[in-house]
1. State whether the range 318-405 is rounded, prolate or oblate according to the following rule on the C-alpha gyration tensor (a ≥ b ≥ c being the square roots of its eigenvalues): a/c under 1.5 gives rounded; otherwise a/b larger than b/c gives prolate, and the remaining case gives oblate.
2. Identify the GluC sites (Glu not before Pro) of the range 264-329 meeting these criteria: DSSP loop state and at most 11 other C-beta atoms within 10 Å of the C-beta.
3. Evaluate the relative contact order of the range 36-119 (contact order divided by residue number), counting alpha-carbon pairs under 8 angstrom at least 6 apart; express in whole percent.
4. With the Cα gyration tensor of the chain giving a ≥ b ≥ c as the square roots of its eigenvalues, does the rule (a/c under 1.5 for rounded; else a/b larger than b/c for prolate; else oblate) give rounded, prolate or oblate?
5. Classify the range 52-150 from the C-alpha gyration tensor, please: rounded if a/c falls under 1.5, else prolate or oblate depending on whether a/b exceeds b/c.
6. Leu217 accessible area, nearest 10 Å², 1.4 Å probe?
7. Add -39500 (n - 2.57) for each DSSP H run of 4 or more in the chain, then divide by its residues: what number comes out at 222 nm, to the nearest 500 deg cm²/dmol?
8. Among Ala94, Ala181, Ala241, which one shows the biggest mean-square fluctuation in a GNM of the chain, springs joining Cα atoms closer than 10 Å?
Amino acid sequence: MLQPIRFYHPSVTQILNLVEQLQHWQSDSISAISTAQQQQLMAVFAHAHRYSPAWRQRLEQAAFSPAGNAMDILTRLPALSRDDLQVDAAQFRAHWPDMPARQMKIAQSSGSTGTPVRVEKDISRYQPLYSAISWLETQWHQRDPNRRFAVLGTGMKPARQKSWGNMHAALGYHGESEVRAAEQDSLDGHLDWLQSFQPDYLKCSPNLAGELADRALQRGITLPLKQVLSHWERISPRDRALCQQAFAAPIIDRYSCEELGWLALECPTHGKLHAVSPTVLLEIVDDELKPCPPGVPGRVLATSLQSAVMPLIRYDLGDLAQWGEPCGCGLAWPVIDKLWGRERHMIELSNGTRIPMPFLGDEIGRIEAVRQFQIRQYQGLDLELLVSSDRALTQEELHRLQQIFTRNGLADISLHIRDQQQIDWGKGRKRQEFIRIDQGWQAG
């Protein structure tokens, strides 16, 4: 149906223009996308070389030339570590002489490793792109911005609005939204709030979503949720199953980080993650920074194709992932078949090698009695599994837990299972399901 002409605020017009460009990227070929990425990558190199002392040195060591091949130059660069940014962030800035101070924003990582990373962003570029990708993802999953949206997260500032944000309001959408801090109330308190607000969509961590669903089942509560939007953490099969059972709602996965923003979005057709090719170039590499083929886990390196104030090139996210085969949905953006979790979530074996834990949350979480768990590895390699449950584990359940570790190549490492009413997750917003303890294991 033909609609009357409408005039939007310039900021909304810019976002809609970016959405249109992103949609062109959706429908183009792999070769066309690769060519466009390399053109943008070379522009990032040129800017970084001109304005950043640290990047100038790195690029010259990688034989940077404006006439060179962008991907060849990229693969000659070392990975950019968190330590690099924490120790000498100023040298990685690429401030140009007439850059307005108001154009810069500081983004900070969660600090789950102890010290957060602070990255400077060009807000005039980052914010519209973030909004445009968010809008695209909303379209992928057919959300209705006229319905209610609830956000529940640690450190959130409570707020209630008559829309999902300024852009939605400008486009004529008026679904109410409410933000709540996860730490301000108990599970029962949050469920009471959700019952009162009656949202159609809930954004929170998958762990919290699973706990809310579990508690809702215990209380016989139903909510009209259509989707749960994942935030901050890897999704376990247990969390998915609980949300489906309690709310008849799927958990929609999204892969992002504070330093770069959106990295990958869940395919609405097949459920795998598509790397957001227009704005980020992702690599999955081995310990020698060589590309991993599909199906082989490796480290995730991310290069922002739009960073200017502080370019992030081959930034080591500390994550483990593996590529998948191209998706049958028709979208040419690369497919991430599996996110394994953090690189530090690797168990050390007796021969000194480290392996990712495919059972982290996947197999352990399928044991019904297990509500929460944490794995700890001590000096001497001993493993301790803390299990929070509503009752004592049976001998059969304890045996199943032992078998999970045995099947995954850990038969020669001592495993100690400790039943615990409550696990201390610390003050961070991310739950660490695996941690290392710098002392030997002791009973008790």
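The values are calculated or read from the model by the stated rules, or taken from the named source; none is laboratory data. These figures come from a predicted structure and were not determined experimentally. We place every Cβ from the backbone using ideal geometry, glycine too, and count neighbours over all the protein chains shown. In case anyone asks, the SASA skips ligands and DNA or RNA and just uses the protein heavy atoms, side chains included. Shrake-Rupley method; radii C 1.70, N 1.55, O 1.52, S 1.80 Å.
1. oblate
2. Of the GluC sites (Glu not before Pro), the ones in loops of the range 264-329 whose Cβ has at most 11 other Cβ atoms within 10 Å are Glu288.
3. On the way: 64 pairs, mean separation 23.7, N = 84.
28 percent.
4. oblate
5. prolate
6. That residue has around 70 Å² of solvent-accessible surface.
7. -9500 deg cm²/dmol
8. Maximum among the listed residues: Ala181.
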